[in-house]
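Below is one structure; the comments refer to it alone.
Every number here is computed from the coordinates shown, using simple stated rules; none is lab data. Keep in mind it's a predicted model, so treat the numbers as computed, not measured. No Cβ is skipped: glycine too gets one built from the backbone with ideal geometry, and neighbour counts run over all protein chains shown.
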Amino acid sequence: MNLTAVNQTDMCEDFSCPERSVSLSVYVILYVAAAAVALLTVCGNLLVIISVSHFKQLQTPANILILSLAASDLLVGVFVIPLHLSWVIESCWTSGSVMCAVLKVVNFQATSVSVHTVALIAVDRFLALGFPFFYSEKISLTVNCIATLVNWLFSLLYNFTLLYINGNFTDVVCPGVCIAIIDGISSIVDLLIVFLMPCILIIILYTHVFVIAKKHATAIRALQVHNSTESSKNKISDKSERKAAMLLGILVFVFLLCLLPYYITSLVIPYISENLFHIRDVTVMMFFLNSTINPIIYALFYPWFQKSLKLIFTFKVFNKDSSLMNVM
């Protein structure tokens, strides 16, 4: 179940384009706020993409997944957030049928790619911590590049098919709105593929990661008792383990915090309920804000991103052989 998807077709009378009732100053503030959110989303994810793409030291299997996540979130910032917020502010879709079709495809594509990429990151972290020898031997840059490509191609084929079989490219739903029509069976299938299955996998794997991190921290503390000469090194490692576990907790919490409200309201609040429509708008925006928050969580918590930002903002990335600079 993706954003702005409904399973009601006879509802045009429930949507209209009312006259603007807010003052010009409020109207301008709303558009400035919308532009700020979109700009922050675009800039944050663009910096992640530039960092991982430019510096060869950052081109690791794990960072390829972060690059994929940033690319999907960039699509949200460039297309989805501006178009959707414009619709919300105007209370009417004014961008035409072609842009509506573009919004549907990009919206569905970015949503599914983002969720599945987070699931792939969970798998990657689980293998790296739980099976380090297997991970170092089998999980290479090429493997994660292939996994990322498959994710994007599968999502594109799946979402295009989902929209096409429900008539979203040929039928005009209602004037003044841009809503993807999804029938009941398709909604259930979409809910399973795009939300329930990935989220269950994420929760299970991150739970195992927490357990593994705790075991590592316990083992490190045991080594501190028997080997005082390396006590300081072990303290650093212990702190690193606990920091990694805390970061994983933040990732899962924020991810679910942004996604769950939308999917809960999607199940209990019908789109034809005009009085509750604004609640859906709030949960949709929370979903979109995950794309704004992702670069902060996945990147700004890492020292390598802070170093790469410094090099980018001081224009040292334009120096000869800057891609070989040490940013770790």
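General remarks:
- Which of HIS54, HIS84 has the fewest Cβ neighbours within 10 Å, and the rest in rising order: HIS54, HIS84
- Neighbour counts of C-beta atoms inside 10 Å place SER155, SER53 in the sequence SER53, SER155, starting with the fewest.
- Per-residue Cβ neighbour counts within 10 Å put CYS145, CYS178 in the sequence CYS145, CYS178, beginning with the fewest.
- Estimated from the Cβ-Cβ distance and a Förster radius of 35 angstrom, the FRET efficiency linking ALA101 and PHE133 is about 0.15.
- Relative intensity of the range 11-170 on a log10 scale, I(q)/I(0) at q = 0.10 Å⁻¹, equals -0.50, per a Debye sum over C-alpha point scatterers of equal strength in the absence of solvent.
- Each of ILE146 and ALA62 was given a label point 7 Å from its Cα along the Cα-to-Cβ line. The distance between the two points is 2.2 nm.
- R0 of 30 Å, Cβ-Cβ distance LEU157-PHE253: FRET efficiency to nearest 0.05: 0.40
- Close amide-amide hydrogen proximity is noted between ILE181 and VAL6, each under 5 Å apart and 5 or more residues distant or on a separate chain (H modeled in the peptide plane; Pro and chain starts excluded).
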